[in-house]
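Read the structure below first, then the notes.
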Amino acid sequence: MPKERFFVLQPGERRPGRVPLPPGFGVKARTSDTEGRLAVLENQLDVDIPPHVHHHADEFVYVLEGEMEVDFDGTTHRLTPGMCVLLPHGVPHAMRNASQPPARCLQISSPGGWEEFVEDMFEAGPVVMKDGHPDLGRLNAIGAKYGMEYYD
């Protein structure tokens, strides 16, 4: 019944998950909360996200604070608070922080599953190599079941 899925979160609250997420990540609506339709996360862009593609999910990002850059289809777009971007599935894109403190965003993924990928990523342990760049092999191994693919 739809009424059973209703909830209210107070500022700073997050939905419980199977893996504790670090500060800067907050799941606001889990895939299971929305019957698979979407997932909503609040996150801080502490690490640049390398080029990647979502083969199944569209991604919507709304900037709450700070500034970020999004590379999409050969163009870099600078987003400031109040701006948003829709990243359709099947098209590679990348994201970078462009401010201090780092950008804070609301991210919606449809269909859902994004918070499950994030939990799997943190459960696997550090996914950065010693030089500070993401370990694309490990990210791709984790992301495969979510239709995620990372590039150099």
Quiz item: How large is the accessible surface per residue of region 1-44, computed with a 1.4 Å probe and reported in Å² as a whole number?
Solution: 67
Quiz item: Under a 5 Å amide H to amide H cut-off, with H placed in plane at 1.01 Å, what residues pair with His89 once short-range neighbours are removed?
Solution: Asp58, Glu59
Quiz item: If we sort 113-122, 2-11, 35-44, 87-96 on the protection proxy, mean other Cβ atoms within 10 Å, highest first, what's the order?
Solution: 113-122, 35-44, 87-96, 2-11
Practice problem: Give me the net charge of Pro102's neighbourhood, meaning all other residues with Cβ under 11 Å from the Cβ of Pro102; Lys, Arg count +1, Asp, Glu -1. | Solution: -2
Exercise. Give me the accessible area per residue for region 83-152, probe 1.4 Å, as a whole number in Å².
Key: 52
Self-check item: Net charge of Cβ neighbours under 11 Å - reference Gly26; Lys, Arg +1; Asp, Glu -1
Solution: +1
Exercise. Using a 1.4 Å probe over the heavy atoms of the protein chains, calculate the carbon and sulfur portion of the accessible area of the chain as a whole percent.
Key: 58
Exercise. Could you tell me what fraction of 2.2 N^0.38 Å the Cα radius of gyration of the chain comes to, as a two-decimal ratio?
Key: 1.01
Self-check item: Local electrostatic count, Tyr150, Cβ distance below 11 Å [Lys/Arg +1, Asp/Glu -1]
Solution: -2
Quiz item: So what are the ³J(HN,Hα) numbers for region 105-113, from phi and the Karplus equation (6.51, -1.76, 1.60; θ = phi - 60°), rounded to whole Hz, Gly and Pro as x?
Solution: 10, 9, 10, 10, 10, 9, x, x, x
Quiz item: Once amide H atoms are built 1.01 Å from N in the peptide plane, which residues 5 or more positions from Ser99, or in another chain, come under 5 Å H to H?
Solution: Glu67
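The values are calculated or read from the model by the stated rules, or taken from the named source; none is laboratory data. None of the values given here were measured: they were computed from a predicted structure. Virtual Cβ from ideal backbone geometry, glycine too; neighbours counted across all protein chains shown. Accessible surface is based on the protein model in full, side chains and every heavy atom, while ligands, DNA and RNA are left aside. Shrake-Rupley method; radii C 1.70, N 1.55, O 1.52, S 1.80 Å.
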